[in-house]
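For reference, the structure is listed below as structure tokens.
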Amino acid sequence: MRYFPLFLDLRHRRVVIVGGGVIAERKFALLASGGAEVLLVAPSLTAALAAAVEASRADHLPTEFVPEHLDGARLVIAATDDATCNRKVAAAAEARGIWVNVVDDLELSSGILPAIVDRSPLVIAVSSEGTAPALARLVRERIEATLDESIGALAAFCARFRLRIKAALPDLGARRRLYDWLLGGPVAAAIRAERGEEAEALLGQALLPGAIPAAGSVVLVGAGPGDPGLLTLNALRALQAADVVLHDRLVAPEILKLVRREAELLEVGKGGRDHSIAQDTIHGLMVEHARRGRRVVRLKGGDPFIFGRGGEELEHLLRHEIPFEVVPGVTAALACAAYAGIPLTHRDHSGSIRFVTAHCRESLETTDWRGLARGRETLAVYMGVATLETLRHELLRYGRAGTTPVALIENGSRPEQRVIVGTLEHVARLAAEHELKSPALLVIGEVAALAATLHWFGAPPLIATQTAERSAA
Ligand code: SAH
């Protein structure tokens, strides 16, 4: 580590900025907001800078820089585009033992300014030691995205009650448990919702002698179809606040990497035929962990409320009086269509879309085939590869045209995505020929043909219509 990170209290202390251009403008805004007594040295200022100086009672000397300008200063920023002048500032600062930052010049600088996430009193500074400012900015943006604005209010809340908490809980372990609860549980939620009084009341109760540990909760989170970029910010926050994550097998490893490192990860199946047994186990685990006061994330592929049994899980939690929240996810149909270049509705081809499941015998038996076969509607079929032949057979039987375009999308949104475009008539044969594997989604309808021209992601689609027809003949 070449640069030592340090947070300076610049209130009422002299900081000199040499330069009056756009960069000086930015540095000025930052330093003035920190309460520094800024002296600007520049023959002329941009209009905005002049206005800002005026508004903040900072000082401006409309002259060329001389070393005496640094008398009494703690820090100096050289932000001119004149290399000679910058060198002069750096030398003068060094001679006086003042920290200097020369914008875009590491050699002349004794200190560098980090990229900042400001959620005062919580402040995060990021530096690449000046070598890759763009990367530091990227990291800052990522951090910013995971911390909503309320984290500042939460930090202020902690600051306010720190001494009271310490007095009530002299034992370090007990205090740690309280903070775990405070930062991740209902207090944080109340602060996020700007209900400060409620947060205070909750804390008051928790600090009473012999208070029972707070109840845990469950967040049902949609992980999307695979591409981690399709997670919502709320999903990411839930993953990073979790004590335990119960996840489906289908959830991509890249997404599991985003889970808070201290959290326990439990794979809870969804693969075999024993749906009902697995489901009972999942219900039991959710309740068990929540009752221990833990923040449980139930992480599901796609969206939890679309063929995800999210409803059943919430009903179970309700029966056991466990509080819950739901974070929606990008469901496979939307993601697969987008990543295959298939607009699910299109003014020329289809005005409605249906999400259909054809996973197993049970779902096939209860399907309204007559309804599905009718009209120009787009069908997005969540399916087991093995049920394709029945699906094809039933739709044709009830009158959907054999020439209806279809697209099979395997591993939608993932790097290994495959898209096969053909016709309904040949769909089962195509899947077999290309050894289609789960997870795969089937889009049926005129729009499916658009994948041939609108594809943009991964390997181009296999347009299989002719080959299949030839081999069928
Ligand atoms: N709740 C999920 C669906 C669960 S059912 C959601 O909203 O997406 C599982 C089925 O979803 C799979 O059999 C497959 O048909 C589909 N699926 C999920 N992820 C997929 C992906 N990345 N590519 C293609 N199909 C996918």
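The values are calculated or read from the model by the stated rules, or taken from the named source; none is laboratory data. Values in this document were obtained by computation on a predicted structure and should not be read as measured data. Cβ placement follows ideal geometry from the backbone for every residue including glycine, while neighbour counts extend to all protein chains displayed. When the accessible area is computed, the model is the full protein with side chains, heavy atoms only, and any ligands, DNA or RNA have been set aside. Shrake-Rupley method; radii C 1.70, N 1.55, O 1.52, S 1.80 Å.
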Given (1) crowded, with 17+ Cβ neighbours inside 10 Å; (2) under 29 Å from the mean Cα position of the chain (by Cα), number of the condition ILE98 does not satisfy: (2)
When residues of the stretch 150-194 are filtered for being open to solvent by 90 Å² or more (accessible area, probe 1.4 Å), part of a helix (DSSP H, G or I) and of a type outside the set (Lys, Arg), how many remain? 3
Unique match (being within 11 Å of the ligand (Cβ to nearest atom), in the same structural domain as ILE463 (by TED's automatic domain parsing) and more than 16 Å from ALA333 (Cβ to Cβ)) among VAL427, VAL385, VAL381: VAL385
Kindly evaluate SER438 against the criterion of being touching a residue at least 12 places away in the same chain (Cβ under 8 Å), over 21 Å from ALA452 (Cα atoms), within 14 Å of the ligand (Cβ to nearest atom) and of a type in the set (S, T, N, Q). yes
Is the stretch 308-319 home to any residue that is under 19 Å from the mean Cα position of the chain (by Cα), open to solvent by less than 30 Å² (accessible area, probe 1.4 Å) and within 11 Å of the ligand (Cβ to nearest atom)? no
Would you mention how many residues in the stretch 1-27 are of a type in the set (A, V, I, L, M) and either in a loop (DSSP other than H, G, I, E, B) or farther than 20 Å from CYS85 by Cβ (or both)? 4
Quick check on the stretch 354-379: of everything there that is in contact (Cβ under 8 Å) with a residue 40 or more places away in the chain and more than 12 Å from PHE307 (Cα to Cα), which residue is most open to solvent (accessible area, probe 1.4 Å)? ARG376
Helices (runs of 4 or more DSSP H) fully within the stretch 195-260 counting 1 or more residues that are within 16 Å of the ligand (Cβ to nearest atom) and among the β-branched types (Val, Ile, Thr): 253-256
Please verify whether GLU107 is surrounded by fewer than 17 Cβ atoms within 10 Å (Cβ to Cβ) and part of a loop (DSSP other than H, G, I, E, B), treating the condition exactly as stated. yes
